[in-house]
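All remarks here apply to the structure that follows.
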Amino acid sequence: MKTTPGDGPRVVALVPAAGMGVRLGENKPKAFVHVGGSPMLTLAVQGLIDSGSVDDVVVMVPAELVAETQALLPVSTVPVHVVAGGAERTDSVRAGLAAAPDATLVLVHDAARALTPPALIARVVDALRAGARAVVPALPVADTIKSVDDTGAVTGTPDRSGLRAIQTPQGFDAELLRAAYAVGTQATDDAGLVEMLGTTVHTVLGDALAFKITSPLDLVLANTLAALRDTPDTAGGLDPTRAGVTAS
């Protein structure tokens, strides 16, 4: 059952938004590129607020953009704080953790997953509140995956039935995530750092709309979906194919 902010553990969402996103081909930090007329960052934060599952949001942006970022963020009863991020994503998450010392549960959410449905965010928080210490949204892999060597020659074909594409927000017990970051190792996502501590990471149902806007084609898709969502005769009815996995 979905709980509300203020009931039990304190949930703080961290939104790293300091990266330039070179692959997107824009001359500004990726989180500030518009989708459907609004910056990705604005949409991502609004989704967190609309989930009804977070007590605070901390956004980490380039130091020179801290002052102007506040004006881009939704006005809400949920406090949204803006702090300076770092050169790398891990530096930004560390800055966010430092700005949320009273957090009991922490979400880390990519601003580039701007269309993430609030219901997905709530699922992650509900799993944390139910006792999981690390939770990630996951989708089955549709493509055949090949492993290759340095020359590009195929070395194997893993069984995709056991593979998942991982999304955000990723949710953690706050002390667990702090411990993972204290080790100083590297991983491609926050859950990877937690896995290195030997902690089990659980999955919940992902959502096709939570895709990461990384390339120009992704941006075209996001703008198209945003336009459909905002059209009166489709608003509230946008329901693309959504494949998922059961919680584990």
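The values are calculated or read from the model by the stated rules, or taken from the named source; none is laboratory data. A quick note: this is a predicted structure, and the numbers were derived from the prediction, not measured. Every residue, glycine among them, receives a Cβ derived from its backbone with ideal geometry; neighbour counts consider all protein chains shown. Each accessible area value is taken on the protein alone, full model and side chains, heavy atoms only, with ligands, DNA and RNA left out. Shrake-Rupley method; radii C 1.70, N 1.55, O 1.52, S 1.80 Å.
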Could you list, in sequence order, all residues of the stretch 134-153 that are surrounded by fewer than 18 Cβ atoms within 10 Å (Cβ to Cβ), closer than 30 Å to Ser53 by Cβ and not hydrophobic (A, V, I, L, M, F, W, C)? Pro140
Output for the stretch 122-142, where each listed residue is within 30 Å of Leu24 (Cβ to Cβ) and in contact with a helix residue (DSSP H, G or I) (Cβ under 6 Å, 6 or more places away or on another chain): Ala134, Val135, Val136, Pro137, Val141
Can you tell me which residue is most open to solvent (accessible area, probe 1.4 Å) among those in the stretch 73-92 that are out of contact with any strand residue (DSSP E or B) (no Cβ under 6 Å at 6 or more places or on another chain) and not in a loop (DSSP other than H, G, I, E, B)? Asp91
When residues of the stretch 12-51 are filtered for being within 16 Å of the chain's Cα centre (by Cα) and small (Gly, Ala, Ser), how many remain? 9
Residue check, Thr69 against (1) in a helix (DSSP H, G or I); (2) in contact with a Phe, Trp or Tyr (Cβ under 6 Å, 6 or more places away or on another chain), all met but one. Which one? (2)
Top-ranked residue of the stretch 196-209 - restricted to ones that are over 21 Å from Leu115 (Cβ atoms) and in contact (Cβ under 8 Å) with a residue 24 or more places away in the chain, ranked as most open to solvent (accessible area, probe 1.4 Å): Thr200
Kindly provide the set of residues from the stretch 35-58 that are more than 19 Å from Ala122 (Cα to Cα) and outside any helix (DSSP H, G or I), ordered by number. Val35, Gly36, Gly37, Ser38, Pro39
Only one of Pro9, Pro5, Pro79, Pro101 that is closer than 24 Å to Ala132 by Cβ and at pLDDT 95 or above: Pro101
When you scan the stretch 61-105, how many residues do you find that are within 23 Å of Thr188 (Cβ to Cβ) and hydroxyl-bearing (Ser, Thr, Tyr)? 2
